[in-house]
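Colleague: First the structure, which I've put down as structure tokens, then a few questions once you've had a look.
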Amino acid sequence: MGIVQRQGLRNTVISYLGLALGFVSTTLVLPRFFAPGQLGLTTTLASVSTLLAQVAAFGFASVGIRFFPYFRSPENGHHGFLPFLLGVPLLSFVAMAALFWLGKPVLLGFYETEVAALGPYYAWGIVFALFTLLYSLLDAYLKALYHTAFSSFLQDILLRLLILGGALLFAQGLLSFHGYVLWFIGVNGLLVLLLVGYLLRIGELHWRPRRAVLAVRPVRELFSMGAFTLLSSLSGSIIMYIDTLMVGSQVSLAAAGIYAIAFNISTALAIPARSLNKIAFPLLANYWKEQNLAGMADFYRRTTRLNALIGCLLALGIGLNLPFIYSLMRAEYAQGTLVVLLLLGSRLFDGITGLNGLILVTSPRYRFDLVFNISLSLLIVGLNLLLIPRLGMVGAAVAAVAAQVSINLARTWFVWRSFRMQPFTWQIPLILLITAAAGLAGWLAPTLASPLLTMLLRSTVITAVYGGLALATGAAPEAVALLQKLRRR
């Protein structure tokens, strides 16, 4: 088995373990130990640091992966590629950190009611951003070297375990909340040190700068690619983090903490789609290479049906069992119930509209994906400014739904208009009808004395009704074929 296959297999195992561990820690464990305001503070600190690091990186993480093959030369230290990969973003970081520090009165002004809570950690946000920047660059370097499993283990498994460890120390009274925040920042620095140690062990820590690095590829080409990637990644980060930041600034850090937990609960609906996208990305690229648009259109429809089938069942299971999920946390977090339901609707619609984004990214018209991402980020910011002052954190969820629906409709139309592909078959409305029937059955199930027993009863009813109707009506032909194959065996 080659290095790519070995690393790919390890990454798959680590990814799924990390997803499960991340969901349990951020959704079920941390909300038991920390008040909403405390989680709101750490979430805000992480979001600001990530945005600062991304701007400073100037897209060089993607540049490293994209152009490293031209520099690859182990005997010559890859022509000094690592110092160049780190040096440019670090110079940029110095300038960005100075601006961030000078802008302290302005930025904290957005959190005028929370200055006392955020102020002591403002400088620590710069340290956090530095750790985030260094990790992303070293991780990109390792990906270019085809050594991806170790960094994935650090990010997906070890980091989450260390954060859980800090939370347990806080719960036992061995760490103050201030100590936990420093722990939270410090474990990210530990990951950077471990990556450096790993590079040293595999003999790839080529730290000496070389003038030859400027002659391998035109520097202008590298910076052009970096600028394009910066816009794309920054718009993606705004989409990911801006809701929590704006809720924290316009409502309170406690509301931001409640919103962050609601957001994390809703991410369970995105896990199957993310797994499918990892498989779909290279397949779509191959379809474009072979110009097999008919095969791509069929794949588009089949994956959309599969996304809808799994997504609707998960949405029902999460939505109807929210009382049980929130019973595992502090009572204040249940204020996010409506936020979870709205975000579930947003993610469900994203899944039902299929692989429109991936088709666009892998197509000759890939640059339009950046237009859609920038449009989505601007739309979310605009709607948040309009709705959060009126509806609080619920306004942020409404804005997310409106923005996701609008952009996905636009993307779906663009793919159809450009390539004559659309994702819908007659099974999609049928799946929605089955979802309504199973949801009604689950809602009518009696509430028992124990939230756990109620959850088990509702889940059983939903699964039985949903699965039975899906198989009986032909809404899931792949599942029927699998059952027939198992029956024959």
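Colleague: Going through segment 454-478 one residue at a time, which ones are assigned to a helix (DSSP H, G or I), at pLDDT below 90, surrounded by fewer than 15 Cβ atoms within 10 Å (Cβ to Cβ) and of a type outside the set (Val, Ile, Thr)?
Modeller: 468, 471, 472, 477, 478
Colleague: Pick out the one residue from 397, 402 that is assigned to a helix (DSSP H, G or I) and buried (at least 21 other Cβ atoms within 10 Å of the Cβ). Walk me through how you get there before you give the answer.
Modeller: Numbers: 402 fails: buried (at least 21 other Cβ atoms within 10 Å of the Cβ).
Of the residues listed, the single one that is assigned to a helix (DSSP H, G or I) and buried (at least 21 other Cβ atoms within 10 Å of the Cβ) is 397.
Colleague: Select, from 241, 300, 326, the only residue that is hydroxyl-bearing (Ser, Thr, Tyr), touching a Leu at 6+ places or on another chain (Cβ under 9 Å) and under 27 Å from residue 38 (Cβ atoms).
Modeller: Values: 300 fails: under 27 Å from residue 38 (Cβ atoms); 326 fails: touching a Leu at 6+ places or on another chain (Cβ under 9 Å).
Residue meeting the stated conditions: 241.
Colleague: Only one of (1) of a type outside the set (Asp, Glu); (2) modelled with pLDDT under 85; (3) in a helix (DSSP H, G or I) is not met by residue 390, so which one is it?
Modeller: (2)
Colleague: Next question, about the same structure. If I filter segment 417-436 down to residues being surrounded by fewer than 14 Cβ atoms within 10 Å (Cβ to Cβ) and of a type in the set (A, V, I, L, M, F, W, C), which single residue comes out as farthest from residue 381 (Cα to Cα)?
Modeller: As a first pass, look at segment 417-436 and keep what is surrounded by fewer than 14 Cβ atoms within 10 Å (Cβ to Cβ): 417, 420, 426, 429, 433, 436.
Now narrow it down to the ones that are of a type in the set (A, V, I, L, M, F, W, C): 426, 433, 436.
Values: 426: 35, 433: 34, 436: 32 Å.
Checking each candidate, the answer is 426.
Colleague: Still on this structure, please answer the following. Looking at the structure I just gave you, is residue 410 surrounded by fewer than 18 Cβ atoms within 10 Å (Cβ to Cβ), among the aliphatic types (A, V, I, L, M) and free of Cβ contacts under 8 Å to residues at least 24 places away in the same chain?
Modeller: Numbers: surrounded by fewer than 18 Cβ atoms within 10 Å (Cβ to Cβ): yes; among the aliphatic types (A, V, I, L, M): yes; free of Cβ contacts under 8 Å to residues at least 24 places away in the same chain: no.
Judged against the criteria, residue 410 is not a match.
Colleague: Also: Could you check segment 411-421 and list, in sequence order, the residues that are over 22 Å from the mean Cα position of the chain (by Cα) and of a type outside the set (Lys, Arg)?
Modeller: Let us first name the residues in segment 411-421 that are over 22 Å from the mean Cα position of the chain (by Cα), namely 413-421.
413, 414, 415, 416, 418, 419, 421, listed by residue number.
Colleague: Scanning segment 296-309 for residues that are basic (Lys, Arg) and surrounded by fewer than 22 Cβ atoms within 10 Å (Cβ to Cβ), which turns out farthest from residue 457 (Cα to Cα)?
Modeller: So the first thing to find is which residues in segment 296-309 are basic (Lys, Arg), and the list is 301-302, 305.
Checking which are surrounded by fewer than 22 Cβ atoms within 10 Å (Cβ to Cβ) leaves us with 301-302.
Details: 301: 33, 302: 31 Å.
Within segment 296-309, the match that is farthest from residue 457 (Cα to Cα) is 301.
Colleague: Something else: Which of the following residues is at pLDDT 75 or above, in a helix (DSSP H, G or I) and crowded, with 17+ Cβ neighbours inside 10 Å: 273, 255? Write out each step before concluding.
Modeller: Working: 273 fails: at pLDDT 75 or above.
Criteria check complete, one pass: 255.
Colleague: From the residues in segment 310-319 that are open to solvent by less than 30 Å² (accessible area, probe 1.4 Å) and among the aliphatic types (A, V, I, L, M), which one is nearest to residue 269 (Cα to Cα)? Can you show your working first?
Modeller: Our first condition is that a residue be open to solvent by less than 30 Å² (accessible area, probe 1.4 Å); within segment 310-319, this holds for 311-312, 315-319.
The next check asks that each one be among the aliphatic types (A, V, I, L, M); those that pass are 315-316, 318.
Values: 315: 7, 316: 10, 318: 9 Å.
The extreme case among them is 315.
The values are calculated or read from the model by the stated rules, or taken from the named source; none is laboratory data. Keep in mind it's a predicted model, so treat the numbers as computed, not measured. Counting neighbours? That spans all protein chains shown, and the Cβs are built from the backbone with ideal geometry, glycine included. Protein only, heavy atoms only, side chains kept; ligands, DNA and RNA dropped before computing areas. Shrake-Rupley method; radii C 1.70, N 1.55, O 1.52, S 1.80 Å.
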